1. So, with +1 on the Cβ of K and R and -1 on the Cβ of D and E, and no other charges, what is the size of the charge dipole of the protein assembly as shown about its Cα centre, to the nearest 20 debye?
2. How tilted is helix A:118-133 with respect to the longest principal axis of chain A? Cα atoms for both, answer in degrees (0 to 90, nearest 10).
3. So if each residue of separation counts as 0.36 nm, and I subtract the Cα-Cα distance between residue A:13 and residue A:52, what length gain in nm does that give?
4. Can you compute the FRET efficiency between residue A:69 and residue A:99 using 1/(1 + (r/R0)^6), with r the Cβ-Cβ distance and R0 = 30 Å? Round to the nearest 0.05.
5. Hey, got the Cα dimensions of the range A:67-326 along the principal axes, in Å, largest first?
6. Count the DSSP beta bridges whose two residues both fall in the protein assembly as shown, then state the antiparallel fraction as a percent rounded to the nearest 5.
7. May I ask you to list the GluC sites (Glu not before Pro) in the range A:61-141 that are in a DSSP loop and have at most 12 other Cβ atoms within 10 Å of their Cβ?
8. Which percentage, to the nearest 5, of the DSSP beta bridges contained in chain B is antiparallel?
Amino acid sequence: MTDFVVQDRALAKAKERAKALSAFRLGDLVFKNITLSAAVTVLVILGGVILSLIRGSIPAFHAMGFEFLTSQSWNPVTDKFGALPAIYGTVVTSLLAIVVAVPLGLGVAVFLTELCPMWARRPIGIAIELLAGIPSIIYGIWGLFIFAPFLQEYVQPAIIEFFAPIPFLSSVFAGPAYGIGTFTAGIILAIMILPFITSISRDVFSTVPPVLKEAAYGIGCTTWEVVRKVVIPYTRVGVVGGVMLGLGRALGETMAVTFIIGNAHKISGSLLAPGTTISATIANEFTEAVGDIYTSSLIALGLLLFLITFVVLAFARLMLMRLDQKGGKP
Amino acid sequence: MDIKKLMSVALVAAAASAFSVSAKAADISGAGATFPYPIYAKWADAYKKETNNGLNYQSIGSGGGIKQIKAKTVTFGATDAPLKAEELNESGLVQFPMVMGGIVPVINLDGVKAGEVVIDGATLAKIFLGEIKVWNDAALVKLNPKVKLPSTAIAVVHRSDGSGTSFNFTNYLSKVSADWKSKVGENASVEWPTGLGAKGNEGVAATVAQTKGAIGYVEYAYAKQNNLTNTDMVNKDGKTVAPKMASFQAAAANADWSVPGYYQILTEQPGAESWPITAATFILMYKQPADKAASDEALKFFDWAFTKGDKMASELDYIPMPAKVVALIKKTWAADIK
């Protein structure tokens with residue numbers, strides 16, 4: 001009798017356990033599927049965007065063929081479009097921004113983590129992060145009304161004069177000084193991506209174990225040597241990641257650039273001359289693009305921007321992998 | 001991250017402002033040219049007060065207006081570049097002019113005031129072709145013997161978006177310069193040989209105001225409101241004229257509107273007083289509208305604007321259509337719009 005009761009109780013317990021376990025399993029299954037569908041949604045959206053970009057750009061490639069990538073002409077009258085000036089402008093403004101922003105951003109980050117007195121770190125850090133919070137249209141308006149006239153009046157004439165006697169560079173910095181142009185757009189982009197580079201570098205710099213730095217200081221290294229030989233090698237991956245994030249933003253930035261680049265479909269030898277970028281062209285012309293080929297050319301530009309961004313990011317990954325192999329684990 | 005939050009706030013704000021006007025279904029809906037937007041907005045405001053019927057006009061540009069009416073998302077489209085009669089027939093559209101205005105060259109030169117510099121068509125074309133590069137070029141000095149022109153480089157400013165203003169401006173340059181016609185041509189957007197591009201009339205106005213040595217072209221109201229330095233021009237009769245109501249009206253008076261689809265471009269009109277770059281702006285509607293009631297409401301609004309809107313138009317430096325043209329237009333409505 002008692003045996004029976006005990007057995008019965010054990011059976012009930014086992015049943016209960018199985019029930020609870022299956023409830024857990026069910027919960028896990030539901031959870032897994034929810035997260036899976038979230039991931040799939042992103043992939044579907046991405047695929048949809050790529051597909052619709054490709055579909056939309058077929059008429060342009062059909063009409064212009066490979067010339068769409070190599071032609072400098074952008075002529076709505078004859079319906080002949082070439083993407084080269086926009087590609088050139090996009091790449092040059094972004095590179096200019098990186099060239100200016102990386103040393104500046106790293107300098108700020110090193111100062112904030114290594115040299116700055118404690119009480120000043122937070123205010124300076126917050127000020128730089130605030131730069132990231134300014135909407136891009138504000139940069140555009142500020143660039144057009146304040147920065148460009150300032151450059152035209154005071155900075156660009158001096159640059160033109162300074163480089164005039166130097167061969168090659170004299171044509172890279174040739175006049176006339178408009179204020180507006182590729183150079184100005186690059187500088188504004190540099191200001192816009194500065195906070196990304198700075199705050200990410202600062203965050204990764206502060207992950208360097210103090211013991212490494214103290215050891216370096218202990219054997220008589222200067223701050224410069226510590227930064228160059230210890231901090232930068234240790235945080236290389238993070239720093240490059242921040243730079244790439246900045247580059248990604250610079251490539252796609254639209255409104256600020258549209259205001260100050262001059263929107264001219266031309267490749268000029270001079271950095272001071274007006275140019276255009278892919279996103280500025282689309283923003284300027286899409287609403288007024290009449291005719292299938294015009295609209296399709298703008299969509300094709302969008303596809304190209306997508307590809308450029310993808311290639312840049314892929315290249316960055318590749319570079320990081322090679323750095324890792326060469327330098328070993330950080 | 002904070003930027004994302006900011007961006008989404010901005011997006012929501014933009015969306016809210018874009019849709020707040022269109023929320024009421026009963027409103028007359030139209031889209032198109034930016035050039036007449038100030039006067040359409042003013043008319044719509046007065047009309048709403050009088051009749052309680054609203055107008056939702058999206059100033060997205062002439063090309064956009066044509067696209068929208070062809071897609072039948074609006075009751076009327078508005079464009080500064082008129083469609084040719086064949087294209088109208090093909091798509092079953094009716095076209096009529098609504099109001100006229102002037103396009104003026106504006107410059108930014110230290111010490112030079114409005115109306116001091118005179119430019120003729122050929123010189124203007126050469127400047128926009130990039131052949132005249134400095135302000136003290138012989139051609140400009142010859143036209144302006146009394147003005148001390150500096151050796152500053154000329155910064156040409158043009159529209160970066162497609163626009164009816166550009167259409168009329170390039171149409172004018174094509175009429176006065178064979179070179180311009182063969183090298184560039186006329187269109188809402190063209191392949192500009194030189195210069196800086198700026199978005200919208202307001203963008204050109206701002207860029208000219210900020211750039212030393214600049215020359216651009218804007219609708220007259222934008223030049224006036226922004227206190228820009230306009231130039232005078234030499235017209236078809238060889239007379240120097242200043243941009244003002246009287247000279248715009250003189251150009252409009254000589255136009256022959258009795259052509260199919262009112263296809264009439266008012267640049268380079270004859271007459272001693274005529275301003276050479278005058279332009280009309282047009283409305284596009286369907287002959288057989290899908291929504292008859294909405295179409296009738298729109299016509300009522302245009303009728304009201306022709307009857308009561310002249311004074312408001314003049315206040316904003318637009319030129320109302322002459323009475324006999326309005327009579328013609330009303331005949332077209334009665335005959336064509338079913």
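Each value in this text was obtained by applying a stated rule to the coordinates, not by laboratory testing. Predicted, not measured: the structure shown is a model, and the values here were computed from it. So basically every Cβ, Gly included, is an ideal-geometry build from the backbone, and we count neighbours across all protein chains shown.
1. Roughly 1600 debye for the protein assembly as shown.
2. With both axes taken from Cα atoms, the answer is about 70 degrees.
3. Values: separation 39, 0.36 × 39 = 14.04 nm, distance 5.75 nm.
Stretched out fully, the residue A:13 to residue A:52 stretch lengthens by 8.3 nm.
4. On the way: r = 25 Å, r/R0 = 0.85.
The value I calculate is 0.75.
5. 71, 41, 38
6. On the way: 27 of 41 bridges.
For the protein assembly as shown, the DSSP antiparallel bridge percentage is about 65.
7. On the way: sites: A:67, A:114, A:129; in loops: none.
Here no loop site has a sparse enough neighbourhood.
8. So the antiparallel bridges in chain B amount to around 65 percent.
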